[in-house]
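Below is one structure, written out as structure tokens; the observations come after it.
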Amino acid sequence: MNPVAHLRLLRTRLDEWAAQLPCVRAASACSGEPNHRLWWHLDATLTKAASEALSAYDAWSAAVALLWAEELADVAWRRCARRHILVAAITGRDGLDGAAPPSLPALAVAARFQPQAWINDHAVDTDVDFPNQWTVSPSLAPQALRAILTGPTPADLDFLTCDPAAPDWIRRWSGPFDITLDYAIHPIDS
């Protein structure tokens, strides 16, 4: 797998998209939010890679995770030609050539819960006697991925304490805590 080549191809497809629909580059006049969040965040990821603020592999992984977040959150997106074009690019295919829609590399999203206690008005990490990591439920994975990939500040992942996949003791925890998220991409050999 060559992440630099895949990112270059993805940049070409994003530029084609922006040429077809110039509004994707703009923010909404009402809310100030991007007109198309996925384009905006993919563009920001590629820009970071171009400036070497992000390694090519990390940018490739972030782009795949952003596409997964869209895929898991929007059923219609899975049938969208634009999705197929972007996924083909990030997996190193130059075109769709009439083949079946391309698949994204496998993704695993894991959360880690760190319980804390108040000591002198500060939340201090405590020892963990029970399992404190779990695979995030597919229904919450898009929100979690977007939180860590698109925000300029540390994400608030507190909603993951309600994840049905989280251990029972975590869902019942009433004290302070911190949650971190990690994701792993398993590249498709192309």
### Summary
A 1.4 Å probe over the protein heavy atoms gives the chain a carbon and sulfur accessible-area percentage of 53
## Note on the structure
Labelled set (i) -0.51, -0.82, -0.97; (ii) -0.39, -0.76, -0.94; (iii) -0.34, -0.70, -0.91; log10 I(q)/I(0) by the Debye sum over Cα atoms at q = 0.09, 0.13, 0.15 Å⁻¹ computed from this model equals the value at (ii)
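Per DSSP helix of 4 or more residues, -39500 (n - 2.57); summed, then divided by the residues of the chain. What does that give at 222 nm, rounded to the nearest 500?
Values: 6 runs with 75 residues, N = 190.
About -12500 deg cm²/dmol.
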### Task
Return one whole number: the accessible area per residue of the range 52-190 in Å², for a 1.4 Å probe.
55
### Query
How large is ³J(HN,Hα) for each residue in the range 31-48, as worked out from phi by the Karplus curve 6.51 cos²θ - 1.76 cosθ + 1.60 (θ = phi - 60°), to whole Hz, x for Gly and Pro?
9, x, 7, x, 5, 9, 4, 4, 4, 4, 6, 5, 4, 4, 5, 5, 5, 5
### Query
Label-point separation (nm) for GLU33 and SER103, each offset 7 Å from Cα along Cα-to-Cβ?
3.3
### Task
Mind telling me which of PHE177, PHE130, PHE113 comes out most flexible in a GNM of the chain, alpha-carbon contacts under 10 Å?
PHE130
### Query
Using a Gaussian network model of the chain with C-alpha springs under 10 Å, which one of CYS162, CYS30, CYS80 is most mobile by mean-square fluctuation?
CYS30
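The values are calculated or read from the model by the stated rules, or taken from the named source; none is laboratory data. Quantities reported herein were computed from a predicted structural model and do not represent experimental measurements. Please note: Cβ atoms are built from the backbone with ideal geometry, for glycine as well, and neighbour counts cover all protein chains shown. Ligands, DNA and RNA are excluded from the accessible area calculation, which covers all protein heavy atoms including side chains. Shrake-Rupley method; radii C 1.70, N 1.55, O 1.52, S 1.80 Å.
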